[in-house]
Amino acid sequence: MRNMYRVFIGTLLAAMSNSGKLRIGILGIQGAFQEHKVALLKAHEAAKCDDLSNWTLDIVDVRSRGDVTDDLDGLILPGGESTTMSLFLKREGLDTVLREWMAKRRRVTWGTCAGMILLAENIEHQKEGGQSQLGGLHVTVSRNYFGRQVDSFEADVTVSSNTLTGSCEDDETCRGVFIRAPAVISVDDPRVKVIGSLTFTDRQQSVRSVIVAVQEENILATAFHPELTDDTRWHRHFLEMVKQNKTSI
Ligand SMILES: NC(=O)CC[C@H](N)C(=O)O
C-alpha cells in the first residue's frame, strides 16, 4: 500500500513537472551545429501526430558557461575536431559546468563523431600530451579509426532492432557519413548498449565489423553524422530520450 502511494505521488509530481517544453543545447563552437538544429526541427515537425508534438522545442547554442542553464534538458556535442573542442571547453570553464550538468538528474547528451570522443572515458590515439574529455561514456574510442580526411566515406550502418522510433524486431540500416571518424574498440561497462555497427573492408582487405553507435543510459554516441543526411530518425530518437527523461523525473 505504501509503495502504491509512493508510485502515485511520483507520477503526480512527474505530471506536474511536465512543462511541455524541451530545451536542447547544441555546442556551437565548430562543426555541423547548424545542421543539427535543422535536423532537430525537422524531426520534431515530422512527429506531428505523435506525443512528441505536444512538446515545444527550444534550441539554444551553447558557447559559454551562462548558456548551460538549469532548464536545459538535452545537449548535442557535434562533430569537429575533438582536440580543439576540448581546449575550448577547458579555456571557457565549460568542461566543469557541463560535467556537473550531465551528472544532475542524469540529463541527456548526444555526441556525434568528435562529440563521441569528448564523451568517451578512454581514448586511443589521443593528441600528444593527452586531451581532456567530458567523459561519462564507458567505452574506449579510437580516434581517426578509418584513416585520414581522404579516407572519409559513406556506408550503411546496421542499427539494432527497437532502437529508432517506429522500428521493430528486425535490425535495420541507416546511412552513415564517416568523416575522419572514430570507432568504439571496447565496451567497458555492462550498462553500455551497442546500437550500431559497421561492416567494412580494412587496408589488409579483411572484412570486419566495428561498433559505431552506443547508448549508456542517458548518453548517446554515434561515430557518424546523421545531421548530414535527410534521415531524421536519430534526432527523433534523441528527442524521445529527452522527453522520456523529463517525464520520468
Ligand atoms: N568529423 C569529426 O568529428 C572528426 C573527429 C576528429 N577526427 C577528432 O579527432 O576530433
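The values are calculated or read from the model by the stated rules, or taken from the named source; none is laboratory data. Everything numeric in this text was worked out from a predicted model, so none of it was measured. Heads up, the Cβs are rebuilt from the backbone with ideal geometry, glycines too, and the neighbour counts pull from every protein chain shown. Surface accessibility is based on the protein's heavy atoms, side chains included, excluding ligands, DNA and RNA. Shrake-Rupley method; radii C 1.70, N 1.55, O 1.52, S 1.80 Å.
In the set 154, 128, only one residue is open to solvent by 20 Å² or more (accessible area, probe 1.4 Å), of a type in the set (Asp, Glu) and modelled with pLDDT of 95 or more; that residue is 154. Among residues of the range 161-187 that are at pLDDT 95 or above and among the charged types (D, E, K, R), those with a Cβ under 8 angstrom from a residue that is more than 16 Å from the ligand (Cβ to nearest atom) and open to solvent by less than 50 Å² (accessible area, probe 1.4 Å), sequence gap 6+ or separate chain, pair up as 175/231. Being on the phi > 0 side of the Ramachandran plot, touching an Asp or Glu at 6+ places or on another chain (Cβ under 9 Å) and surrounded by fewer than 22 Cβ atoms within 10 Å (Cβ to Cβ), is that true of even one residue in the range 181-200? So far as the range 181-200 goes, no, none of its residues is on the phi > 0 side of the Ramachandran plot, touching an Asp or Glu at 6+ places or on another chain (Cβ under 9 Å) and surrounded by fewer than 22 Cβ atoms within 10 Å (Cβ to Cβ).
For residue 117, indicate whether it is of a type in the set (A, V, I, L, M, F, W, C) and over 15 Å from residue 213 (Cβ atoms). Judged against the criteria, residue 117 is not a match.
For residue 112, state whether it is open to solvent by less than 60 Å² (accessible area, probe 1.4 Å) and under 26 Å from residue 203 (Cβ atoms). Criteria met by residue 112.
Flag: residue 46 matches the condition of being within 23 Å of residue 245 (Cα to Cα) and either within 13 Å of the ligand (Cβ to nearest atom) or at pLDDT below 95 (or both). One residue stands out in the range 220-237 among those that are in contact with a Leu (Cβ under 8 Å, 6 or more places away or on another chain) and assigned to a helix (DSSP H, G or I): the one that is farthest from the ligand (Cβ to nearest atom), namely 236. For the range 181-214, filtered to residues that are charged (D, E, K, R) and not in a loop (DSSP other than H, G, I, E, B), the residue that is nearest to the ligand (Cβ to nearest atom) is 208.
Counting only strands (runs of 3 or more DSSP E) that sit completely within the range 87-145, those holding 1 or more residues that are away from the ligand (no atom under 12 Å from the Cβ) and closer than 20 Å to residue 23 by Cβ correspond to 108-112. Tell me whether the range 92-112 contains one or more residues that are in contact with a Pro (Cβ under 7 Å, 6 or more places away or on another chain) and within 20 Å of residue 237 (Cα to Cα). Within the range 92-112, one or more residues are in contact with a Pro (Cβ under 7 Å, 6 or more places away or on another chain) and within 20 Å of residue 237 (Cα to Cα). In this structure, is residue 107 among the basic types (Lys, Arg), at negative phi and surrounded by 20 or more Cβ atoms within 10 Å (Cβ to Cβ)? Judged against the criteria, residue 107 is a match. Scan the range 67-85 residue by residue and report those that are within 16 Å of the ligand (Cβ to nearest atom), assigned to a loop (DSSP other than H, G, I, E, B) and at negative phi. Of everything in the range 67-85, those that are within 16 Å of the ligand (Cβ to nearest atom), assigned to a loop (DSSP other than H, G, I, E, B) and at negative phi turn out to be 78, 79, 81. A Cβ distance below 8 Å, combined with a sequence gap of six or more or placement on separate chains, defines the contacts here; from the range 218-247, residues that are under 28 Å from residue 185 (Cβ atoms) reach residues that are among the aromatic types (Phe, Trp, Tyr) and open to solvent by 10 Å² or more (accessible area, probe 1.4 Å) in the pairs 223/145. Consider the range 157-180 and keep the residues that are within 16 Å of the ligand (Cβ to nearest atom) and in a strand (DSSP E or B). The one that is most open to solvent (accessible area, probe 1.4 Å) is 175. Of note, residue 52 does not satisfy the criterion of being open to solvent by 40 Å² or more (accessible area, probe 1.4 Å), aliphatic (A, V, I, L, M) and not in a loop (DSSP other than H, G, I, E, B). Total residues in the range 67-87 satisfying the condition of being open to solvent by 10 Å² or more (accessible area, probe 1.4 Å), in contact with an Asp or Glu (Cβ under 9 Å, 6 or more places away or on another chain) and hydrophobic (A, V, I, L, M, F, W, C): the figure is 1.
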